[in-house]
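Got a structure for you, written out below as structure tokens; questions coming shortly.
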Amino acid sequence: MNETEVRDEDLEAAEFLKNSRERLLAEISKVIIGQQDIIDQLLVALFSRGHCLLVGVPGLAKTLLVSTLARILDLDFNRIQFTPDLMPSDILGTDIIQEDIETGRRSFVFLRGPIFSNVVLADEINRTPPKTQAALLQSMQEYRISVGGTTYELALPFFVLATQNPIEQEGTYPLPEAQLDRFMLNVYLDYPGREEEKQIVLSTTSAYEPDLEQVLTGEDILRLQRIVRKVPIAEHVVDYAVSLVRASRPAEEAPSFINDWVSWGAGPRASQYLVLAAKSRAIMQGRYHVTKEDIRAVSLPVLRHRILTNFNAEADGITSLDIIDRLLGAVPED
């Protein structure tokens, strides 16, 4: 295969992913009004083989968005409602004793839990204790689980979408940093605009029933995930991503506001996800190359949950979003 053939194949792959995004957006818009930036971020995570944490107040259609995405993908979908009494076995599955009717012999049989699905909605993940939250860790990182000394592989593609309500603190368990780091993106849903809210009211109080079509199969998604990882990226763009992440950590050479307001900065996984998300964003726009603007565009959802502020920041009313904004201004693009 010569160089021209490779280039033609790459352009064809980029066009396939761009068209897939447009078809997905068209189907989702039959149910979800507005929120295109949020949908794009979900698709970035999906095509990058990452996972998403959706944060927003009640009534913003977080669960509806995820279930709609699952409906237009030819994939298995399970929703897990996280509650204080949920146990790890309720998610992963458990060994049960089963008797053979013919022989009368009893043996242990593994009963699979809802984690054995392509798309898993972890609804209100912060309402269950850390012991149960941690049951997702191995599956999100390694795409397998271990129960009773036996390891079970999960079917690919595997995509975890967790929702979280930021305004309720009673009866909730904040996700530990180790688990937050497993989520590629932290997507924040805000209130819709006036016209969007009017359209939401009109569509949801009528007899309209959208007719959704399935757009992509599991094999299509695996192909798209392979395409994203093949997108070339220049070394100076990678250097910029790494510089952003390293500048977020308190150190002698860090910007002064980082040392003043940050207790822990982003780890190396943030650099990896910045590059992957930028690749996905670039190719979703029909470009087979990554720019520093792509890195900047995905920095907010990638870094939001990885920069931990200290008491000084809280006293000054500074959030991780303010720090990321200052960070983008402090780290030179040259």
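May I ask for the distance between the Cα centers of the range 83-152 and the range 45-60, given as a whole number of Å?
23 Å
Would you mind estimating how fast the range 249-334 diffuses translationally, via Stokes-Einstein at 20 °C and 1.002 mPa s with the Kirkwood radius over Cα pairs, in µm²/s?
Roughly 157 µm²/s, to the nearest whole number.
A follow-up question, please. Relative contact order (percent) for the chain, with alpha-carbon contacts under 8 angstrom and 6 or more residues of separation?
21 percent
Another question, then. Which value, in Å³ per residue, describes the convex hull spanned by the Cα atoms of the chain?
Convex hull volume per residue, Cα atoms: 193 Å³.
Can you compute the modelled spin-label distance between Lys230 and Arg23, with each label point 7 Å from Cα toward Cβ, in nm?
1.8 nm
How many lysine pairs in the chain, separated by 8 or more positions in sequence or lying on different chains, have Cα atoms less than 16 Å apart?
6
Using the Kirkwood formula over every pair of different C-alpha atoms, what hydrodynamic radius in Å results for the range 52-183?
About 15.9 Å, per the Kirkwood formula over Cα pairs.
Considering the range 33-111, what Rg and Dmax in Å follow from its alpha-carbon atoms?
Radius of gyration, then largest Cα-Cα span, for the range 33-111: 19.0, 60 Å.
What is the calculated FRET efficiency for Asp325 to Ile96, with r their C-beta to C-beta distance and R₀ = 56 Å, to the nearest 0.05?
0.60
Something else: Given 0.36 nm per residue, what is the gain on full extension from Val238 to Gln285 after removing their alpha carbon distance, in nm?
Gain in length upon complete extension: 15.0 nm.
Peptides 245-254, 313-322: what's the order by average Cβ count within 10 Å, highest mean first?
Highest mean packing first, the order is 245-254, 313-322.
Can you pull the Rg over Rh of the range 127-270, Cα-only, Kirkwood?
With Rh from the inverse mean 1/r over Cα pairs, Rg/Rh is 1.03.
Right, here's the next one. Please report His236, His289 as a ranked list, fewest other C-beta atoms within 10 angstrom at the top and most at the bottom.
Exposure proxy ranking, most exposed first: His236, His289.
Diagonalise the Cα gyration tensor of the range 110-162 and give the resulting equivalent ellipsoid semi-axes, square root of 5 times each eigenvalue, largest first, whole Å.
For the range 110-162, the ellipsoid semi-axes come out as 18, 14, 10 Å.
For Leu154, which sequence-distant residues (separation of 5 or more, or a different chain) have an amide H within less than 5 Å of its own amide H, given hydrogens modelled in the peptide plane?
HN-HN under 5 Å from Leu154: Arg144, Ile145.
Here, each number is a calculation from the coordinates, and none is a lab measurement. Because the structure is predicted, anything quoted here is derived from the model rather than measured. All Cβ positions, glycine included, derive from the backbone under ideal geometry; neighbour counts span all protein chains shown.
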